Amino acid sequence: MRRYWQPIALSEELPQGGAPLRVNVLGEELVLFRDDNGQPGLLGLHCSHRGTDLSYGRIENGGLRCIYHGWLYDVCGRVIEQPGEPGGGANRDQIRHRAHPCRESGGVILTYMGPGEPPLLPDYEFLSVPEEQRAVTKILYNCNYLQGNEGNIDPVHLSFLHQFLADAPMPLRRVVPGTDTTDNTLLGKDIAPAIEVELTDFGLRICSLRASAEDKTYLRVTNFVMPNLAAFGGSTVGEGYSVHWHVPIDDTSHWKYVFMFSREKALPLELVNKSRAELGADFRLTRSGVNRYQQDRESMKTKTFTGMGYNFQAHDAFATESQGAIQDRTSEHLVSSDKAIIAARKLLLNAINDVKHGRDPQHVVRDPAANRFSHLQVFSEIIDASIDWKQHTRERIATIERVRNR
Ligand code: FES
Ligand SMILES: [Fe+2]
């Protein structure tokens, strides 16, 4: 995890002149602040002097000042003032407070917490589209990040967990472009898709195929991106896609950063609002284990498969949090439809092994020429059952790449 850039906050949480933010990420207690030049800085939470919490500090004079004895830190962790010492602190240059480099892109602040020179920030389309064409938020999940992300690369659950029943309001059901059928209907029609997984430079491309009519196939393409992201259809599929980026707070909780973008046009406000459905100002879902996700058994008869409303995020929170804080994999029984999860776990184990042997793990990008991910694409559509869908997928991705690079 530390070999990759990771989002640590939404830009909106850290307005210019705003309060520093206490941030817990990858098991570290940190403080994120924006200095008076607008530069974000991420420092160890406890002052290098005698440990006071820097998130209560003052933003001034080019840094963050501890309010116990006034030590002032810049974004690199240098102590630039020790005002209580005679002569301003003769030895302050010898102290280097814990600091991690930050970047701001796509409405989030990201950091690199690993050793050595940070790699390139991958040039993902969802980070670089104009602001009005994307939406981003985050959601607290009370479980390990991995089971959260495994839910994204599990095509079968769409035919169960997220299914709306006959009485669900129509606007919640998305019509698949080029058809008069909703994806909900197609996903419910063939509940046992064929799944194929292809290795890519960034991770995995996952294709699922469902029979939609006698001579038609419903093809969906999603992606696992090393080490803790997934790109999938969502509400903008066709002109963009959605991304879930699962960033560990510690072993038993994580922030799920939710991105959605269109490469063509500004996102309608209604979509932006939808991405924050049932989400409090503290980025916690109103449905949680404490209130049994407000499951309503009456609505299970006619409205939704789960009885937990229409918000996918709440369904996913239920499914992954209820696996346990860290799912016990020694007692699971993987089946053929867990193919993508098995493949992703292998990539993660390979990556762990690479790090152990001093190598960069997969998808650490250092070569600017390799920092292009226009082949990271998502789509879902109906195709003729007789065509070579692998060839079709390659051509589709090439077409989207051409549009993107226009
Ligand atoms: S504890 Fe922070 S300046 Fe003394
Ligand atoms: Fe889901």
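A few notes on this one:
- Enumeration of residues in the range 152-170 that are in contact with a helix residue (DSSP H, G or I) (Cβ under 9 Å, 6 or more places away or on another chain) and assigned to a helix (DSSP H, G or I): 152, 153, 155, 156, 157, 158, 159
- Residue satisfying condition, being surrounded by 18 or more Cβ atoms within 10 Å (Cβ to Cβ), within 23 Å of residue 221 (Cβ to Cβ) and not charged (D, E, K, R), within set 114, 151, 107: 151
- Out of 242, 208, 235, one residue alone is in a strand (DSSP E or B), within 16 Å of ligand 2 (Cβ to nearest atom) and under 17 Å from residue 314 (Cβ atoms). It is 242.
- Condition met for residue 320 (surrounded by 20 or more Cβ atoms within 10 Å (Cβ to Cβ), part of a loop (DSSP other than H, G, I, E, B) and modelled with pLDDT of 95 or more): no
- Neighbours by Cβ (under 7 Å, 6+ apart or cross-chain): first from the range 301-314, in contact (Cβ under 8 Å) with a residue 40 or more places away in the chain; second among the charged types (D, E, K, R): 302/167; 303/167
- Verdict on residue 132 being in a helix (DSSP H, G or I), more than 16 Å from ligand 1 (Cβ to nearest atom), within 21 Å of the chain's Cα centre (by Cα) and closer than 30 Å to residue 39 by Cβ: yes
- Of the residues making up the range 316-332, those that are more than 16 Å from ligand 2 (Cβ to nearest atom) and either under 12 Å from residue 148 (Cβ atoms) or hydrophobic (A, V, I, L, M, F, W, C) (or both) are 325, 326.
- Residue list for the range 218-255, restricted to those being of a type in the set (Asp, Glu) and either at pLDDT below 95 or closer than 15 Å to residue 374 by Cα (or both): 239
- Residue selected from the range 31-61 under the condition assigned to a loop (DSSP other than H, G, I, E, B) and of a type in the set (D, E, K, R), by the criterion nearest to ligand 1 (Cβ to nearest atom): 50
- In the range 128-145, the residues that are buried (at least 22 other Cβ atoms within 10 Å of the Cβ) and under 23 Å from residue 364 (Cα atoms): 144, 145
- Inclusion of residue 65 among residues that are surrounded by fewer than 19 Cβ atoms within 10 Å (Cβ to Cβ), of a type in the set (Lys, Arg) and not assigned by TED's automatic domain parsing to the domain that holds residue 252 is not warranted.
- Test: residue in the range 174-189 that is in contact with a His (Cβ under 9 Å, 6 or more places away or on another chain) and either surrounded by 20 or more Cβ atoms within 10 Å (Cβ to Cβ) or more than 26 Å from residue 274 (Cα to Cα) (or both): yes
- Condition check for residue 149: part of a helix (DSSP H, G or I), farther than 19 Å from residue 381 by Cα and more than 16 Å from ligand 1 (Cβ to nearest atom): yes
- All of 73, 68, 112 fail the test of being more than 16 Å from ligand 2 (Cβ to nearest atom), under 21 Å from residue 12 (Cα atoms) and of a type outside the set (Val, Ile, Thr), apart from 112.
- Only listed residue being assigned to a loop (DSSP other than H, G, I, E, B) and either of a type in the set (D, E, K, R) or touching a residue at least 24 places away in the same chain (Cβ under 8 Å) (or both), chosen from 122, 83: 122
- Output for the range 62-97, where each listed residue is under 35 Å from the mean Cα position of the chain (by Cα) and more than 14 Å from ligand 1 (Cβ to nearest atom): 62, 74, 75, 76, 78, 96
- Among the residues of the range 67-80, the ones that are assigned to a loop (DSSP other than H, G, I, E, B) and not hydroxyl-bearing (Ser, Thr, Tyr) come to 8 in all.
- Of the residues making up the range 236-279, those that are of a type in the set (D, E, K, R) and more than 25 Å from residue 3 (Cα to Cα) are 239, 263, 264, 265, 270, 274, 276, 278.
The values are calculated or read from the model by the stated rules, or taken from the named source; none is laboratory data. Because the structure is a prediction, the values reported are computed rather than measured. Cβ atoms come from the backbone with ideal geometry, glycine included; neighbour counts cover every protein chain shown.
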